[in-house]
1. Residue by residue through the range 238-244, which ³J(HN,Hα) values in whole Hz follow from phi under the Karplus form 6.51 cos²θ - 1.76 cosθ + 1.60 (θ = phi - 60°), with glycine and proline marked x?
2. Compactness ratio of the range 323-387: Cα Rg over 2.2 N^0.38 Å, N = residue count?
3. Please work out the Cα center distance from the range 261-301 to the range 46-97, rounded to the nearest Å.
4. Carbon and sulfur together cover what percent of the accessible area of the chain at a 1.4 Å probe radius?
5. Scan around His73 for amide H atoms under 5 Å from its own, H built in the peptide plane at 1.01 Å from N, and keep only partners 5 or more places away or cross-chain.
6. What does the extension gain come out to for Arg109 and Arg321, with contour length at 0.36 nm per residue minus their alpha carbon separation?
7. Of Met28, Met256, which has the most accessible area with a 1.4 Å probe, and how do the rest follow in descending order?
8. With only alpha-carbon atoms counted, please give the Rg and Dmax of the range 48-189, in Å.
Amino acid sequence: MAASSNHGQSTRCVHAGVVPDNTHQAIMTPIFQTSTYVQNYPGKPKTYDYARAGNPTRDALEESLAALEQAAHAITFSSGLAAIQAVTQLARPGDHVLVCDDVYGGTGRLFRQIYAHYNIEFEFVDLTVDADHLATYFRTNTRFVWLETPTNPLLRIIDIKAVTRAARQAGVLTVVDNTFASPIMQSPLSLGADIVMHSVTKYIGGHSDIIGGCLMLNDETLYGQLRFIQFACGAVNAPLDCFLLLRSIKTLAIRMAVHEQNALQFATALQAMPAFSEVIYPGLPEHPQYLLAKRQMQGFSGIVSARLNGPFETVARFMQRLKIFSLAESLGGVESLVNHPQTMTHASVPESQRKVLGISCDLMRFSVGIENAEDLITDVEQALSHY
Ligand SMILES: *Cc1c(COP(=O)(O)O)cnc(C)c1O
């Protein structure tokens, strides 16, 4: 994907939500590091009254984030999971929630180990099935369907249009975790989704220095409900983090273009190395859902998964020997990371489920950064030379 052909996203990244401040015309939004605001008359605040309810730096960030998904509204949270929790709080005891089966480990943990205790039933299903099969999943008490595409860590593609069509027929909301694609590479609202969620900790923040989350949506009623949940439950993000995110967003489109270009080059190089039994990247024509990915995404993003031949010890040694790739959880930063899902990000997924999904000891997930692609490939070659 060329940064110049992304339908104005690069321009929105630089400008949306940011206007010169009205005291000194500062070009960047100031960090309003305050908890409260002085009122001249009881109960008649000038603009804001208390910072859990509102903060100008956060408002600017929300406006910028809404523009990225071309949504009417965005609501930011102190973490991606706080944003997921806010959506979950739309459900009531007795409700049923559909979840794609290889969902982010932390999302599954929140559903299985916290909200299941509140008599909400979470059913983990394969959402890559055909339309007829999809329709059978929905029940009268289904509150929402939660999906992530590309999935983590196996990078399967779920047809957002097909799921939202089936959900809408059943009167059910569709929520898409768009973290892996970023707003630059995929626009779920335009494909029929009701709510988009991001862990802004990843590509949107992009520099591995902030934890945050957000929701983007168009529906006014739903927006009012979620805004109330944010205010009532209190998981707001700090003004400094809002400022840093505004700064990060300015380069999001150009970062994503390089992540994608590097990921494709990296995945293609790994395919040619016999040490890897499988290389998974939606931008490879060999990916079983390449055509769907091409149709529903504006780009293939920067995550590559691969299986290395050999037992766990071999895989562990390989990851330790990488010099540019750091062995760490998380993804989406400018620096390249490698992760071992079975023992790290997906350790909380029940083992039986991991087996079904194929999250075994040979699987690694690479978050390809914006370094020189040749250097990244050479790093893999040198780590394999001890193989
Ligand atoms: C990281 C991540 C989350 C959780 O976000 P936090 O900011 O860590 O709370 C949710 N979904 C996906 C796909 C993620 O990668």
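1. Values per residue, Gly and Pro as x: 6, x, 5, 5, 4, 4, 4 Hz.
2. Scaled against compact globular proteins, the figure is 1.24.
3. 33 Å
4. 54 percent
5. Long-range HN contacts for His73: Leu217.
6. 73.2 nm
7. Met28, Met256
8. 15.8, 51
The values are calculated or read from the model by the stated rules, or taken from the named source; none is laboratory data. Computed from a predicted structure; not experimentally measured. When we count neighbours, we look across all protein chains shown, and the Cβ atoms used for this are built from the backbone with ideal geometry, even at glycine. Heads up: the accessible areas ignore ligands, DNA and RNA and are worked out on the full protein's heavy atoms, side chains in. Shrake-Rupley method; radii C 1.70, N 1.55, O 1.52, S 1.80 Å.
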